[in-house]
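Let me begin by presenting the structure, written as structure tokens, before commenting on it.
The numbers here are math on the coordinates, done by the rules we state, and not lab data. These numbers were taken from a predicted model, which means no experiment stands behind them. Because the Cβ atoms are built from the backbone with ideal geometry, glycine has one as well, and the counts that use them run over all protein chains shown.
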Amino acid sequence: MVIIASFPAFSFCRYRRFAIRIVLCLLISAAGVLTLWSGKQTSQLVFAQPSREVAASLNLTVRDSMTGVAVPSDLSSRNKDRLQKFATNVDGSLTYQLSDGRNDLEIHAVGYTDLTTHFEVDSQSVKNITVWVDPLEFPTELRPEVIASKIRSGQALLHGHVFDSMTRQPVSGAHVYLECAGVEAETNNRGYFLLYAPAPSINPTQELPSLDTLVVRSEGFKAYRRAHVTIAEGATHFIIDMNPGEGFVEIDDTHKLRLSPEQLKNTQTDLLPETKEVSPNNLDQRAGVVQPSSLTIPTSIRVGSNCPSKTTCTTFNVYSLDTYVKNGLDDEWFSSWNAESLKAGAIAYRSYGVYYVYHPLSANYDICNTTSCQVNDPTDSATSTRNAVDNTAGMIVTDSSGNNPFFAEYAAENNDSACTDGFTGSPSANWSCLSDPVDAGQTFNGHGRGMCQWGTQRWAVNQSKDYVWIVNHYYNDNGNPNGARSGVLQPQATPTPTPKSTTNGKIAFSSGSSIYTINVDGTGQVRLDSDGNNRSPSWSPDGSRIAFTRQGPQDSTNFIYVMNADGSGLQRISTATSGDVDPTWSSDGSKIAFQSNVGTNAEIFVMNADGSNRINLTNNPALDLGAKWSPDGSKIAFVSTRDFPGISGDVTRGFEIYVMNADGSNPIRLTINSFSDSNPSWSPDSAKLTFDTNRDGNFEVYVMNADGSGQVSLSNNPSSDFDPAWSPDGNKIAFLSFRDSVFNVPQEIYVMNSDGSNQTRITNSSLDEKQLAWQPLPSTPSPTPTPTPTPTPTPTPTPLTINISGRVTDYKGNGVPDITMTFTRENLGVIVDTRTTQTDTNGNYSSGEMPCANTTKVVPSKGDSKFSPLSYIFVSSRGCVSGPQTADFVLLPPVVISQVYAAGGESGATYRNDFIELFNRGDATIDLTGWSVQYASDVGTTWQRTNLNSATLLPGQHYLVQEAAGGTNGSDLPTADAFGGISMSSTGGKVVLLTNNTLLAAGSCPFSFSEVDFVGYGTSATCFRGPSPAPAPSATTTLRRSTDGCVDTDNNSADFALGAPNPRNRQATVTPCTASIQFSSAAYSVSEGSLQVTLNVTRSGSTSGVPTVNYTTSDSAGAQNCNVFNGNASSRCDYIASIGTLSFAPGESSKSISILIINDSYAEGPENLSVGLSSPTGANLGATATATVTINDNDTSTGANPIDQAGFFVTEHYYDFLNRQPDASGLAFWTNEITSCGADQQCIEVKRINVSAAYSLGGLLPFD
């Protein structure tokens, strides 16, 4: 697969190759090694213990093992028969007193895996412990697919998180750089940084990768310097704690040099500094502190640090076992080594750690983190080594019995050509030598001490051996019956989770404007809300929460809210003002599907359960509504008018039930008839659907298979039965019925068996019950035996979908919301699908699962804003791009180069100095701190820089940069805002504006993500935007951007023209580009019989942007009856309330608003209503932001109520539910439904009810 980032049209330069193969940037210091793991404690919880001696004080900090962020946690401590519970501070810290003896600790944090450990206390002391807990979900920037998408060929990706060591808060704005490579970055508001460095090619079996020094500087903190950082292709993540103060702190990964071939030459013993005995009593691997009958791999490990010797460590870290291995494998193996070598190393590293858990060095820690044990640094981890650990999860080496952990020693390369039998002092003495021809031309190397690290790399690279072969090769008795080195690779079984089962909880429903719950026997009815208009409840999969539709007292329209099962914890999760209704949860509770308006059309959307990542699933001109997610998570059932009159032209059909995949693909119609089918509800096994239909002359509850076959009536009652809801255990169905009503009021809740038998009424109310949802309650699963472990994992099939996610940030790294992301999929050049979504409040987005295609393109857009890159294109030569992909974008600030004058001081020059003028064409203030302008000649490759002085640039404000004087001719410039000494050529050149002041790399056309604007001018310019460069200026002309700086199309020749120079600084007149929007008139008049009035909204000023403005109608008539006349028009009686957003296209200067007028029969005189404009974007409101509409009455006397007329009745349904004038065919069809009854009043009543039911399904509130 190829990932193409599309940038403005100019060529790129290549990074120069390093001339040397191993780069060592050494920073030697006697300052010692910084301890990163003990933080300032801010609180203390002490329990009185009169009957028990307090032996130690525990200073504990809990941190995220992936990012290093502080994690507030709950802690349980058990000492003998005494249990204490604590809560850490918000910074994850806690100080409390340990009791004498063994103390077992359990740490629990929301969103993290629980961790257990213990400490033995036998003397008065203070213990400093950091617990590293594993998050249940990857942070966005550390998700494997995100990292994979950022890795570049031939480049090392270094990224990380920087914290204040005292407060555990992220450090933003820190300067991060590599001393040798010369690359740099800055941390964002989360303390995150990312930078790339060239990774020179090496011989992977003979040479070490390049090494460099990573430096982090931030005001108020000591500089952080980490020497011997690996620079190899792939990604490495760092957790960096900054200490307040002056000076610097030195971290040195010098132990990596122990693998250097130069140090290994002529060495006759292994490179470890000391032998690794654990105890004179443990020379036999079957002896130890613990002697288990069968080996259980531990879940956590205690690691000592700050160790004068391996048995005298003073601070401690606790990790899950595999996090420990991930932290340390890249400290003992090079992350650039072959994947099979790394996997073999992961097993050795894990086995070595497990051995010490069973044979701990101290009562307070199992193993040390120095070369005396095995190096383990939690502040860095490489993606390649983390993957190796994940791919060997649970695999260790045991002795031949399988019951005891194996002492899995390893060494760099013994180089013992004599191959004498082995090293004593280890847990297994007299290991026999292994003659190991690891590489052609090398001497046989005798490995008398376990695994050879270089040997793993050479076997993998030169002989294509996999990790299983390598591990078994090194850990065996080598045919020596007297040898004790007999290792067996043991995969740890992963238990298969027991499937969830559910029992029936309460039934939630709406009645009036409130949501209630009730027991299935009709008892225990409880109202869950206290205000607002609330309806359409939907239970979360675990039955703990309810999503529902609500228009609260402060809400302008319908939104999706969530509350706890008891009504507490009310939270709004949707934000769009288009009207969101009818939520339904995904089976895992992570997403919610719902219905929302797109213009006048209803569509099915999906969003994350927190309201982020809205995606339109249906994208169909018909109405799509009433979504229900299948319990297995794979499908969504919904109702559609794709065969409704006016859509397909077929007037014989109404609503039909469809199912589609959860990503919106492959919609299939399940019901095909001349009636309305609606309100689907899934059986718990997703095999069936129950629904209601009026095919029997009244609405009945039916059931069908999930493919639409086997449609059978269940309710079989002469009254209408509808809105079914299947019980979580699958045995019952709740539904609504008119059977006990008078004139269909009220409707009550019934429950029946799933076969239709035993229909029982459970409510008796004067209000209508509606929109049922049945609560699932988890049942206790039965234990299942642990399955037999399978050593070889089954390969996962390649996914057939693509999911593109990423983040849009501004130039300072802050997330940007409401950016439209458009995804276009093509096969062989033919567009097969286009969909859009919006970035959330943090700038994150996701396309959701899309069927794969050989080309998928993602483009951000918002008005005329510019982004870097312009787009990402994912291309596969094998026909299909699939799986998770990442595309991040930067929203460029709207500052442009508005003038370039390059003949200053020359003969006939207007001005003595060259100058560059900048202009803020946007509608927000821009901070220029740290920015620069840079210049190169038309064919030049060397760049010169002028740093901008710190300043803020208001919308429409200019900024003047004065450059060198080319002579003495011409006038002085106005006082410049920044001064430089660049002498620009008037015949041709290149000027770039950057958000940083890093000098561009040598090249005729370099690229930088920090670039804001670029201008190439003169016919010989080798780099420019668009098809050709801008013209060259002269002594009397300057390059001037069109429309006085307000237009930027990334086309230098089109955007710039020559004109008289007019240099403007920050003191010049401010001239914003933003347009003004207002009504064309403050007053409108319309006859009641005209049925609608049109108001014009105009845009003046710049028409280049894409501004929007909201509008809404309002009146002061209130809730008065329609026969009360006071000159105020009522949205209940005289017109249809209207709310929406107008969006102006580039060049468009006028839009219109249509308001539907009700032609009633009251003689009421002229009445007024108001229409207001508000919340503009990309424009300002003009003076006429409110218009008054006068409705002139056409009735001379009050007549009969027109609602009794069939045509008026149907028209009002178009108004109320579809918010539009009726189309002729639809009006005729539904009017005929009523008038065909003639004078039969009972028939008319039934038909009017059926019409109302049909239109309520077509609107936002089914059966509301």
Handout entry: Antiparallel DSSP beta bridges within region 1006-1142, as percent of all bridges there, nearest 5
Key = 90 percent
Problem - Computed E for N601/N1232 - FRET, C-beta separation, R0 22 angstrom, nearest 0.05 - result: 0.30
Fill in the blank from the handout: Of the listed links K862/K1151; K628/K770; K127/K326; K732/K770, those spanning more than 21 angstrom between alpha carbons are K127/K326
Practice task
Report the full-extension gain for the segment R527 to N1123: residue separation times 0.36 nm, less the Cα-Cα distance, to one decimal in nm.
Solution key: 211.0 nm
Practice task
State to the nearest 20 debye the size of the charge dipole of region 801-890 about its Cα centre, where the only charges are +1 on K and R beta carbons and -1 on D and E beta carbons.
Solution key: 160 debye
Completion exercise
So for region 1204-1263, using the alpha carbon gyration tensor with a ≥ b ≥ c as root eigenvalues (a/c under 1.5 gives rounded; past that, a/b versus b/c decides prolate or oblate), I'd call it oblate
Practice task
Taking amide H positions as placed in the peptide plane 1.01 Å from N, state which residues far from G234 in sequence (5 or more) or on other chains have amide H under 5 Å from it.
Solution key: R152, Q155, L157
Problem - Extension gain (nm, one decimal) between E179 and T1071, 0.36 nm per residue minus Cα-Cα - result: 316.7 nm
Exercise for the section: Report the label-to-label distance for N462 and I1249 in nanometres (one decimal), using points 7 Å from each Cα along the Cα→Cβ vector. Expected result: 8.9 nm
Handout entry: Computed label-point distance, nm, for sites D542 and I202 using a 7 Å Cα→Cβ extension
Key = 4.7 nm
Handout entry: Residue-span extension gain [R945 to S971] - 0.36 nm each, minus C-alpha spacing
Key = 6.9 nm
Exercise for the section: Can you tell me the FRET efficiency between R102 and K812 if r is taken as the Cβ-Cβ distance and R0 is 45 Å, rounded to the nearest 0.05? Expected result: 0.35
Completion exercise
Lys and Arg at +1, Asp and Glu at -1: neighbours of V71 with Cβ under 10 Å from its Cβ sum to 0
Practice task
Report the local net charge at T1043: Lys and Arg +1, Asp and Glu -1, summed over other residues whose C-beta lies under 13 Å from its C-beta.
Solution key: -1
Handout entry: Neighbour net charge for V389 - beta-carbon separation under 9 angstrom, K R +1, D E -1
Key = +2
Exercise for the section: Can you tell me the order of 720-728, 225-233 when each peptide is scored by its average per-residue count of other Cβ atoms within 10 angstrom, highest first? Expected result: 720-728, 225-233
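Return D888, D1044, D632, D755 ranked ascending by Cβ neighbour count within 10 Å, so the fewest neighbours appear first.
With the sparsest Cβ surroundings first, the list reads D755, D632, D1044, D888.
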Handout entry: Residue order, fewest to most surrounding Cβ atoms within 10 angstrom, among D241, D1223
Key = D1223, D241
Practice task
Could you check what % of the DSSP bridge pairs in region 1074-1199 are antiparallel, to the nearest 5?
Solution key: 75 percent
Practice task
Starting with the highest mean, order 1087-1093, 962-968, 937-943 by the number of other Cβ atoms within 10 Å, averaged over the residues of each peptide.
Solution key: 962-968, 937-943, 1087-1093
Exercise for the section: At a temperature of 37 °C and a viscosity of 0.692 mPa s, determine how fast region 893-1059 diffuses translationally according to Stokes-Einstein, using the Kirkwood radius over alpha-carbon pairs as Rh; express D in µm²/s, rounded to the nearest whole number. Expected result: 212 µm²/s
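When the Kirkwood radius is taken over all Cα pairs of region 1074-1199, what Stokes-Einstein diffusion coefficient follows at 37 °C and 0.692 mPa s, in µm²/s?
For these conditions, the coefficient is 216 µm²/s.
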Exercise for the section: Let me know the whole percent of all Cα-Cα pairs from region 657-752 that are separated by more than 16 Å. Expected result: 55 percent
Practice task
Calculate the radius of gyration of the Cα atoms of region 545-670 to one decimal place, then report Dmax, the largest Cα-Cα distance, as a whole number, both in Å.
Solution key: 14.9, 48
Practice task
Would you mind computing, in nm to one decimal, how far apart the modelled labels at S709 and S1197 are, each placed 7 Å from Cα along Cα→Cβ?
Solution key: 6.8 nm
Exercise for the section: Name the residues whose placed amide hydrogens come within less than 5 Å of the amide hydrogen of A853, ignoring near sequence neighbours (fewer than 5 apart) on the same chain. Expected result: V881
Exercise for the section: May I have the extent of the alpha carbons of region 799-940 along their three principal axes, as whole Å values ordered from largest to smallest? Expected result: 67, 36, 22
Handout entry: Value of D in µm² per second that Stokes-Einstein yields for region 118-190, Kirkwood Rh from Cα pairs, at 20 °C (1.002 mPa s)
Key = 132 µm²/s
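What FRET efficiency comes out for N753 versus E1212 if R0 is 41 angstrom and r is the Cβ-Cβ distance? Round to the nearest 0.05.
0.50
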Exercise for the section: Name all residues of region 657-684 having a backbone nitrogen under 13 Å from the label point set 7 Å from the Cα of V830 along its Cα→Cβ direction, giving them as ranges. Expected result: none
